[in-house]
There are 2 protein chains.
Amino acid sequence: MVVTRSDVAREAGVSPAVVSYVLNNGPRPASAQARARVLDAVQKLGYRPNAIASALRAGSTRTVGFLTPNRGNPFFGALAEAVEQNLNDQGYLMLAANTHGYQPDELKLLRTFVDRRVDGLIISGGTTLVGPTLQEVEQPVLVFDDPGSWAGCSSVQPEDHLDAAAAVDHLQNHGHDLIACVVGPPRIGSEARRLAGWRAQQRLRGVYAGDELVAFADQSEAGGDQAARLLLSDHGRPATLHGRRPTALFVASDVQAIGVLWACHELGVRVPEDVAVVSMGGTRAAAYSIPTLTTVRQDVVYLATTGCTQLLRLVADPLTPQTHLRVRGNLVVGQTCGCTVAGSG
Amino acid sequence: MVVTRSDVAREAGVSPAVVSYVLNNGPRPASAQARARVLDAVQKLGYRPNAIASALRAGSTRTVGFLTPNRGNPFFGALAEAVEQNLNDQGYLMLAANTHGYQPDELKLLRTFVDRRVDGLIISGGTTLVGPTLQEVEQPVLVFDDPGSWAGCSSVQPEDHLDAAAAVDHLQNHGHDLIACVVGPPRIGSEARRLAGWRAQQRLRGVYAGDELVAFADQSEAGGDQAARLLLSDHGRPATLHGRRPTALFVASDVQAIGVLWACHELGVRVPEDVAVVSMGGTRAAAYSIPTLTTVRQDVVYLATTGCTQLLRLVADPLTPQTHLRVRGNLVVGQTCGCTVAGSG
DNA sequence: CTGTTAGCGCCTTCAC
DNA sequence: GTGAAGGCGCTAACAG
């Protein structure tokens with residue numbers, strides 16, 4: 001049977017309250033003698049406080065819920081890991097769940113977390129759980145996404161639009177004008193913003209940015225593979241492109257870019273000589289692909305740290321003002337953009 | 001303020017117990033009329049049961065703790081994800097934490113989980129938490145590792161030794177005899193077993209398997225990169241190898257193999273023509289490397305399913321007999337072993 | 001069929 | 001400096 005606080009009290013010859021005083025260093029003092037006897041008894045019996053009972057009484061579980069569409073994606077995986085580490089360091093535990101981007105599941109899991117009285121909630125990008133959906137939640141919420149027009153939660157948001165534009169700009173500086181775009185489903189906010197960033201930057205240079213240059217793809221290697229085959233195929237190229245094949249690809253995520261590189265390899269298309277590639281993410285995989293990816297790196301540790309700090313501040317004091325942070329990525333030059341081949345970058 | 005069960009009871013004009021009966025479909029029946037009024041009140045007030053109170057009373061949190069050394073490693077990441085999915089499907093939530101292979105952290109996190117009264121524990125390979133360490137734990141435990149000589153927990157274990165031998169055997173069948181080995185720290189059980197598998201298979205064919213052929217490396221791309229540079233360097237090659245460079249590498253994990261491929265690329269060593277590579281894992285990354293990895297694939301979904309099933313069986317009935325399952329991987333032929341170049345495989 | 005009640009283990013105010 | 005007691009919200013045994 002499990003040993004309870006009363007058992008310790010009995011063993012130490014004190015009352016249960018004193019056990020609490022000693023173990024929690026307060027809120028009342030205890031004599032040195034009582035303290036010693038309690039600690040001895042704790043040791044002897046191997047007593048461990050029941051965190052569930054404590055949570056019920058104290059109204060805090062020291063747990064944060066983390067909802068993400070897909071931890072298999074290295075970006076979300078790394079973000080989740082960084083968040084977890086941060087929370088652990090602060091004495092919190094993370095309850096995590098994958099939603100697979102499926103809205104009913106998202107809601108169900110959100111409810112589950114709330115029922116379990118998590119102290120706070122973190123919603124990563126790629127979910128539909130932003131703005132109004134979260135209104136009913138009592139706990140503080142942090143979203144790694146655009147919070148929409150609603151200010152009910154704090155947010156730490158990658159600058160998807162600007163970062164995408166920066167990636168495209170880099171390709172343009174290499175002299176490319178026919179730059180195609182591989183991107184995830186546009187119902188996901190971050191993907192829509194990256195697509196818009198690509199389009200805006202193309203138009204800024206007065207370059208064509210029609211739909212024939214866009215391939216929507218699953219956020220996976222396989223998705224990138226298929227998209228690249230589509231965009232680079234010599235068959236059925238739209239008349240609007242005057243028979244030209246894109247000379248560069250902007251790819252909205254590293255994981256898709258890995259698939260793109262593979263497709264190019266299979267098709268005998270050289271990267272970056274025949275087609276240059278720039279992607280977004282900056283995950284570990286990007287640094288060890290062949291050739292290495294030029295990518296706009298998001299610092300997940302920074303995202304996680306600022307996000308967790310703000311969330312825990314809100315947990316400690318719900319009256320803390322909301323914050324909305326936007327974080328720029330930075331271009332990490334690899335081998336896929338062409339900088340290392342011809343010195344035009 | 002949060003709405004409690006008593007509020008619902010008051011609103012519905014019944015007693016709190018009846019609310020429980022209705023919401024839990026038992027343990028006692030309720031009249032159709034009472035049921036309707038309760039459900040109305042629940043709806044109207046937006047009542048959600050407090051899972052913490054329920055857990056305290058019922059003695060079950062419907063939560064499982066998962067301890068892993070490093071979720072950044074695609075293999076553990078995929079395993080964790082599969083486990084999480086399994087548990088969610090059964091109405092459980094997963095509490096997860098990374099130990100970074102650091103024993104004090106492992107113990108601390110284990111304690112934290114136990115304090116929180118998880119219903120069960122899952123320990124992935126790569127931790128030191130096997131056997132006796134877990135004796136003090138009351139909850140059922142499942143380890144994805146060798147449980148040691150101690151039968152206090154159930155286990156689902158990849159056949160590291162046999163799988164490693166199979167990988168080496170495949171290289172041997174391609175005519176290689178000087179097969180080096182890249183492997184993680186031997187204090188980790190799975191790594192030690194893979195190393196032993198390599199050695200046993202080499203000796204089986206009467207081939208040299210000395211320590212000069214082994215490079216211990218961090219379980220990361222960078223680790224594989226460094227190990228490959230060491231083993232393939234033309235400088236300082238041990239006299240015992242008669243000046244020969246290994247013609248093949250057995251790499252104990254995909255993530256290291258990605259680094260190995262990159263090092264080969266950098267060194268101008270062609271894979272598989274100059275050096276053949278076979279690794280272990282079978283993660284998604286292996287299928288999209290250039291060239292694609294020949295690897296011994298572990299079916300993480302199968303591991304997770306059988307593991308979770310057994311654990312939840314133990315949770316439901318602690319008297320369920322322990323089980324110890326060993327699971328073979330299967331060789332997935334890619335392009336790094338040489339099968340696709342010369343038809344000798 | 002329904003209501004009342006005794007805890008689950010802990011924290012903390014209040015009385016000594 | 002210490003002990004007794006109430007209650008966090010819920011479940012289930014026990015009485016009606």
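The values are calculated or read from the model by the stated rules, or taken from the named source; none is laboratory data. Quick caveat, the model's predicted, so the values are computed rather than measured. Reconstructed Cβ throughout: ideal geometry from the backbone, glycine too, with neighbour counts over all protein chains shown. Accessible surface is based on the protein model in full, side chains and every heavy atom, while ligands, DNA and RNA are left aside. Shrake-Rupley method; radii C 1.70, N 1.55, O 1.52, S 1.80 Å.
So, with +1 on the Cβ of K and R and -1 on the Cβ of D and E, and no other charges, what is the size of the charge dipole of region A:38-162 about its Cα centre, to the nearest 20 debye?
Charge dipole of region A:38-162: 680 debye, to the nearest 20.
For region A:153-162, in order, what is each residue's ³J(HN,Hα) by Karplus, 6.51 cos²θ - 1.76 cosθ + 1.60 with θ = phi - 60°, in whole Hz (x at glycine and Pro)?
Result, ordered by residue: 9, 7, 9, 10, 10, x, 7, 3, 4, 5 Hz.
Mind putting a number on the dipole of chain B about its Cα centre? Charges go on the C-beta only, +1 for Lys and Arg and -1 for Asp and Glu, and I need it in Debye to the nearest 20.
In debye, rounded to 20, chain B gives about 1040.
Which is farthest toward the positive dipole end of the protein assembly as shown among B:103, B:321, A:31, measuring Cα position about the Cα centre, with Cβ charges +1 (Lys, Arg) and -1 (Asp, Glu)?
Positive-most Cα among the choices belongs to A:31.
Tell me the angle of helix A:254-267 to the major Cα principal axis of chain A, expressed in degrees between 0 and 90 and rounded to the nearest ten.
Its long axis makes an angle of about 30 degrees.
Going Cα to Cα from residue B:44, which aspartates and glutamates come in below 20 Å? Please leave out same-chain ones fewer than 8 positions away.
A:115, A:136, A:138, B:7, B:11
For region B:95-136 and region A:200-230, compute the distance between their C-alpha centroids and round to whole Å.
45 Å
Suppose you put the label 7 Å out from Cα in the Cβ direction; list, shortest first and in nm with one decimal, how far residue A:177 is from each other copy's label.
Computed spacing set for this position: 6.3 nm.
For residue A:248, list long-range residues whose amide hydrogen, built 1.01 Å from N in the peptide plane, is under 5 Å from its own amide hydrogen.
Those qualifying (amide H under 5 Å, at least 5 residues apart or on another chain) are A:180, A:276.
Summing both sides, how much accessible area is buried between B and A? Use a 1.4 Å probe and give Å² to the nearest 100.
Looking at B and A, the buried total is near 4800 Å².
Using helices alone, I'd like the mean residue ellipticity at 222 nm for chain A: each DSSP H run of four-plus residues gives -39500 (n - 2.57), total over residue count, nearest 500.
Per the formula, -13000 deg cm²/dmol.
On average, how much accessible surface per residue is there in the protein assembly as shown, in Å², for a 1.4 Å probe, leaving out ligands, DNA and RNA?
Spelled out: the 1.4 Å probe surface of the protein assembly as shown, per residue, equals 42 Å².
Which whole number in µm²/s is D for region B:160-299 by Stokes-Einstein, with the Kirkwood Rh taken over Cα pairs at 25 °C and 0.890 mPa s?
Estimated diffusion coefficient is 170 µm²/s.
Read phi for every residue in region B:82-90 and hand back ³J(HN,Hα) as whole Hz from Karplus 6.51 cos²θ - 1.76 cosθ + 1.60, θ = phi - 60°, with x for Gly and Pro.
So the J values, rounded to whole Hz, are 5, 5, 4, 4, 4, 5, 4, 4, 9.
Report for region B:248-345 the percent antiparallel among DSSP-assigned beta bridges with both residues inside it, nearest 5.
Of all bridge pairs located within region B:248-345, approximately 25 percent are antiparallel.
Hey, how many Å between the Cα centroid of region B:29-72 and the Cα centroid of region A:261-298?
Rounded to whole Å, the Cα centres lie 47 Å apart.
Per residue of B:282-290, how many C-beta atoms from partner chains lie within 10 Å of its own C-beta, taken as a mean?
6
Out of residues 5 or more away from residue B:214 or on other chains, whose amide H comes under 5 Å of its own, with H placed 1.01 Å from N in the peptide plane?
B:181
Using a Gaussian network model of chain A whose springs link C-alpha atoms within less than 10 Å, name the residue from A:74, A:185, A:321 with the highest mean-square fluctuation.
Maximum fluctuation in the GNM of chain A, among the listed residues, is at A:321.
With point charges of +1 on the Cβ of Lys and Arg and -1 on the Cβ of Asp and Glu, referenced to the Cα centre of region A:160-299, which listed residue (A:223, A:233, A:265) lies farthest in the positive direction of the dipole?
It is A:233.
Once Lys and Arg get +1 and Asp and Glu get -1 on their Cβ, which of A:290, A:213, A:251 lies farthest toward the positive end of the dipole of region A:160-299?
Going by the Cα projections, it comes out as A:213.
Could you pull the copy-to-copy label distances for residue B:205, with points set 7 Å along Cα to Cβ, in nm to one decimal and sorted shortest first?
So the label point of residue B:205 gives 5.2 nm to the other copies.
Note down the accessible area of residue A:136, probe 1.4 Å, to the nearest 10 Å².
Here the accessible area works out near 120 Å².
If the label for residue B:111 sits 7 angstrom from Cα along the Cα-to-Cβ line, what are its distances to the same label in every other copy, in nm to one decimal, shortest first?
3.8
Is the protein assembly as shown best put as rounded, prolate or oblate by its Cα gyration tensor, with a ≥ b ≥ c the root eigenvalues, rounded for a/c under 1.5, and otherwise prolate when a/b is larger than b/c, oblate when not?
oblate
What angle, in degrees between 0 and 90 and rounded to the nearest 10, separates the Cα long axis of helix A:221-232 from the longest principal axis of the Cα atoms of chain A?
20 degrees
Name the long-range amide H neighbours of residue B:155: under 5 Å, sequence gap of 5 or more, or other chain; modelled H, no Pro or chain starts.
B:143, B:323, B:324, B:325
So which residue, out of B:301, B:19, B:271, gets the largest mean-square fluctuation from a GNM of chain B using Cα contacts under 10 Å as springs?
In the Gaussian network model the winner is B:19.
Quick check on region B:5-49: take the gyration tensor over C-alpha atoms, sort the square-rooted eigenvalues as a ≥ b ≥ c, and tell me if it's rounded (a/c under 1.5), prolate or oblate.
Since a/c reaches 1.5 and a/b is larger than b/c, the shape of region B:5-49 is classed as prolate.
Using a 1.4 Å probe on the protein chains only, how many percent of the accessible area of region A:5-49 belongs to carbon and sulfur?
Within region A:5-49, the accessible surface is 49 percent carbon and sulfur.
Rounded to the nearest 10 degrees, what's the angle between the helix B:189-204 long axis and the longest principal axis of chain B, both from Cα atoms, 0 to 90?
Computed tilt is about 30 degrees.
So how far apart, in nm, are the two label points at residue A:33 and residue B:7 if each is 7 Å from Cα heading toward Cβ?
It works out to 4.9 nm between the two label points.
Would you mind giving the average projected area, over all directions, of the Cα convex hull of region B:258-341 in nm² with one decimal?
6.4 nm²
Which residue, B:264, B:308, B:181, has the most motion in a Gaussian network model of chain B that connects Cα atoms within less than 10 Å?
Largest GNM mean-square fluctuation: B:264.
In Å, the Kirkwood hydrodynamic radius of chain B over pairs of distinct alpha carbons?
For chain B, inverting the mean 1/r across all distinct Cα pairs yields 22.6 Å.
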